[in-house]
Amino acid sequence: MSFKNFLNFLLFFIISGSLFASNVWGVITDAASGELMTGANITYKNVATGNLYQTVSGLDGSYVLRHMPAGEYQVSVSYVGYLTKQESLTKTQEDLTYDIALEVDDESLGEVLIVSDNRGTDAQARALERQSANVLNIISAKQIELSPDITVANVIQRVSGLSIERNSSGDPQYAIIRGMDKRYNNTLINGIKIPSPDNENRFVPLDIFPAVFLERLEVYKSLTANMEADAIGGTVNMVMKDAPVKEYLDADIQLGVNHLNFERGFDTYDRSGLNKLSPSERFGEDYRATPEDFPTENMIQERRTPMPDVFANISYGNRYFDNKLGVMLGGSFQNSYRPTSNYFYDPSVDFREGLGNPLIMQELIERETSAQFQRIAFHSKLDYQFNDDNKLDLYFGKYYLNEFRVRDQERRESFVATNNYAVYPITRFSNIYQDITTIDLGGEHRLADYFDLDWNAIYSLANNDRPDDGVFARAGNYNVEQGRLLNEIVYFQGANNSRAWERNRDDDISLYFNVSFQPNIINKDTEFQFGGVLRKKVRDNYYNYYNYAQIFGQFRGEDWNDFGDVNFNAMANPRGSGDDSNLVYDATEDVYATYFNTKWVLGGTEIQAGLRTEQTYQGYEINELSASSNDVEISQRQDYLDFFPSLSLKQRLTEKANLKATYFKGISRPGFYEIVPTVRSAGGGDSFYSERGNADLRPSYGHSADLRYEFFPNSIDQILLGVFYKRITDPIEYGFPLVSGEGERPVTNRILPQNYDDATNFGVEFDFTKYINKFGLRLNYTYTNSQISTNKIVINEDRSRSLVNQTRPLQGQSDHIGNVSLLYKDLEKRWDIQLVVNYTGERIAFVSPFFDADHYMRPMTQMDFSLEKGLNKNFVLFFKGNNLLNTPYQLVVNKPLARPEDPYPYQTDPTNMGFIRRDLYGVSFRVGARYKF
């Protein structure tokens, strides 16, 4: 054959191959459930040539094989836990669509267990949302694994309608559901309520829980009668990982950094000699403390470059004794160094003579905070299946969150912006130990045909310990020409140099029981439920405060260089306590609840209607000495009985679409801190006003209605569109109290929680999820509008004060909230890439007691990124980045408050309505490796 003929033959072969080659498309599903199978291995073998064409099904169960010539093929499809499917087919020159359904391998999964295990998958999440009578959103464990999120608080902001409140270091901490502040929301573990270690509030900080232990995160936006009623906004339920079907091991280790630590360094201190008990606890209540009783090492800051952040997690599970006993164990350790740089204005009022009109926010405060966080968690879940009718399970969880913080700040009067001015540096050293323990023993029993009982007995404990919280205060003059602080002395007001011990402990004992009866009256779906809850909660709160006596004439650089050099010669209150002594109290809360719920299915309509009753007993007792010195009652008790109706209608429009309508009544009980008439002095934390509890505070009640359209094209995609409305009676907000006299007038040096007129909240939600082979898109958007009227102070021309009502949005409510998540997953090459963007619109971050002076958070857009590369079936390397845009947290007041001739520093807005606070948290990066068996 000549070279020319060879080229003609080769060209003919290539053209003919292209003409007679085409594509094969298809979808792999579960034969029983129709669930889309992600990651199935597909092989087409050409009988004539022996050539193999292989691929893996994508996120939506689909697969494609391109440029396959016509011919006879042997098809093989395999997936773990399923029978391998083998078939023969003839392919023509045309594109071919060939779907394959796999059947579960019953023998490989054991005799006792349900044959299909899709726990923690998106498919399970969509199925639960579709089947629920509630308005429900779920994030699956698989979605969490691929995300950059490390705590439950990080995860919660991905849910439609949810935003987050951050802690002082910028980490997400509390959930705001549909614009409803954290006080209106509830937190559960495996459906069981848990106490909070927070010393002021009953809501649980979600940043204490590592996300790696979650099987799924459920957010209930409506309630039925079998759910606890204290969730006007909604309920966050953390469903922890259960024992697996087969042996399971998952471990990872990560190292991370925050770029701000390299720019400015990180402050730390020696806490090796930290005293967990105050002098009065160590030596007796009558002991007179001296400065020598207080160590100084934990009050001396040292700036350095921190070690890398370390994150490590491990989970192991298996089944034993012929699959009757299931075990899941897990441990997590997270150690991170979080820097924060910010400035803000003291929002108090200055009535001193010579300043003209009283100024609001007359003092500028600049801070640098260094916080080391240690999160340690242990998780175990056991279940024992006696037979088909009886099962016991035991859950034990222990969660620690320790924070060691140095906060360096300088305070100066903002209207002195050019010449030399006084500066008041303050360094605060905080040691915060928090932990939550929960032990839950439960059972599920089939007592007779159509008659079921489940129960749980729970003991939970929450601790908050803040030993030896120290404040080191100084004063000096800032020289503008030299650009430095001169003549720095220890602040002569001894109350500003102090040491304090504070702790609180909540003990919860709870008993749940639920009975379900399906009498088959109309059809087999008819169901009656009844049950109840008994909970006894006890709080023990302790506080002891010491301040140093006045000293004079000790200058930095001459007499001292750090706190350890200062010559404090006495304590101003050697026995401790002081004005805040009545923070020592005990409080109790008992709740007894019963409910009755019914379920009816009539054609395509499901109806659930029920009634819940809850009897509440709340009380407190404070130490007698404090009660007499502060003119408060030593003890008080209140009780109230409430009825909570609920109704849910679910209309099946098609096999893939539902329309849900719900109504429920809920409650928000005051926290212990709010009802006990404690007095906390201003400056003890981030508050600029003294606070006092209100023994006459009433619970808030909410009436909520939802309407949602749900469309599930397949087992993993969804379109949700809903509207909601809430009316809250007796909402609780902080404000100035009124005192009687010649007309009522407000007291402007102390705030307390109060009940106000009704509030309303309305909104629209949209949720969209779509997967196409290797690509995925998840987006949600929520619009919310709320209103509440509270009293505000007006400063009159004669410098007198009066109260007026002002209508505003609820604190924490953003008009617009949105999330966009872009996902790429190549199962063949083992690439996982995710980009997540979160938008939170303007909202009130701080409710000012003064008219038109609320602090609004500017809109925030945050971007996170995750990349994973699988090396084989077991090993994965990954990179994760958080807050890639380094988005600042910024507050503004929507009208000028400073005098125009003395504008605030940093206020560059031409209308003189610039920022009054700005926090920078830095960009965080993590790299790590994961092993999964």
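Coupling constants for segment 340-346 follow from the phi torsions by the Karplus curve (6.51 cos²θ - 1.76 cosθ + 1.60, θ = phi - 60°), and in residue order they are 9, 10, 7, 9, 6, 10, 5 Hz; glycine and proline get x. In this view, the solvent-accessible surface of Val27, computed with a 1.4 Å probe and all protein chains in place, comes to about 50 Å². Ligands, DNA and RNA left out, the 1.4 Å accessible surface of the chain is 54% carbon and sulfur atoms. Remark: the chain carries a charge dipole of roughly 2080 debye about the Cα centre, counting +1 on each Lys and Arg Cβ and -1 on each Asp and Glu Cβ.
Mean sequence separation of contacting Cα pairs (under 8 Å, at least six apart), scaled by the length of the chain, corresponds to a relative contact order of 11 percent. The solvent-accessible area of Val212, taken with every protein chain present and a 1.4 Å probe, is close to 40 Å². Spacing of the modelled spin labels on Tyr824 and Leu877, each 7 Å from Cα toward Cβ, amounts to 1.8 nm. Ranking Tyr734, Tyr399, Tyr542 by solvent-accessible area of protein heavy atoms (1.4 Å probe, all protein chains present), from largest to smallest, gives Tyr734, Tyr542, Tyr399. The Cβ shell under 14 Å around Arg288 holds other residues with a net charge of -2, Lys and Arg each +1, Asp and Glu each -1. Note: relative contact order over segment 468-540, using C-alpha pairs below 8 Å and six or more positions apart, is 27 percent. Computed over neighbours whose Cβ is under 10 Å from that of Thr38, the net charge equals -1, Lys and Arg +1, Asp and Glu -1. Looking at the chain, send over the antiparallel percent of its DSSP beta bridges, to the nearest 5. Of those bridges, close to 95 percent are antiparallel. Charge dipole (Cα centre; +1 on Lys/Arg Cβ, -1 on Asp/Glu Cβ; no other charges) of segment 155-280 amounts to roughly 280 debye.
Using the average count of surrounding beta-carbon atoms within 10 Å as a protection proxy, the listed peptides 446-452, 696-702 rank, highest first, as 696-702, 446-452. Segment 859-895 to segment 533-574: how many Å between their Cα centroids? The two parts, judged by their Cα centres, are 39 Å apart. Could you state the angle between the C-alpha long axis of helix 122-131 and the longest principal axis of the C-alpha atoms of the chain, as a value from 0 to 90 degrees rounded to the nearest 10? Tilt of helix 122-131: around 80 degrees. Heavy atoms of the protein chains alone define the surface here; on that basis the chain has 42 Å² accessible area per residue at 1.4 Å probe size.
Overall, segment 380-488 carries a charge dipole of about 960 debye about its Cα centre when +1 sits on the Cβ of Lys and Arg and -1 on the Cβ of Asp and Glu, all other atoms neutral.
A 1.4 Å probe over all protein chains sorts Glu129, Glu368 by accessible area into Glu368, Glu129, starting with the largest. When the surface is traced with a 1.4 Å probe over the full set of protein chains, Phe643 keeps roughly 110 Å² accessible. What's the center-to-center distance, using Cα atoms, between segment 227-273 and segment 197-218 in Å? Segment 227-273 and segment 197-218 have Cα centres separated by 9 Å. Simple rule: put +1 on each Lys or Arg Cβ and -1 on each Asp or Glu Cβ in segment 250-338, find the dipole, and look at Tyr269, Pro291, Phe311; the Cα lying farthest toward the positive end is Phe311. Bridgeable lysines around Lys381 (alpha carbons under 26 Å apart, same-chain partners fewer than 8 residues away excluded): Lys142, Lys193, Lys241, Lys246, Lys324, Lys391, Lys398, Lys536, Lys537, Lys932.
Shown are Ile439, Ile732, whose ranking by accessible area with a 1.4 Å probe and every protein chain present, most to least, is Ile439, Ile732. In percent, rounded to a whole number, the relative contact order of segment 772-832 is 44, using alpha-carbon pairs under 8 Å and six or more apart.
Here the calculated FRET efficiency for Asn569 and Phe333, from their Cβ-Cβ distance with R0 = 45 Å, stands at 0.55, rounded to the nearest 0.05.
Angle of helix 3-20 to the longest C-alpha principal axis of the chain, folded into 0 to 90 degrees and rounded to 10: 70°. Dipole orientation for the chain: of the candidates Asn185, Ile817, Asn872, Asn872 has the Cα lying most toward the positive pole (charges on Cβ; Lys, Arg +1; Asp, Glu -1). Note on segment 88-239: dipole from Cβ charges, positive end direction compared against Ser168, Thr235, Val135; the farthest Cα belongs to Ser168.
The values are calculated or read from the model by the stated rules, or taken from the named source; none is laboratory data. Nothing here was measured: the structure is a model prediction, and the numbers come from that model. We place every Cβ from the backbone using ideal geometry, glycine too, and count neighbours over all the protein chains shown. The accessibility values were calculated without ligands, DNA or RNA, using every heavy atom of the protein model including side chains. Shrake-Rupley method; radii C 1.70, N 1.55, O 1.52, S 1.80 Å.
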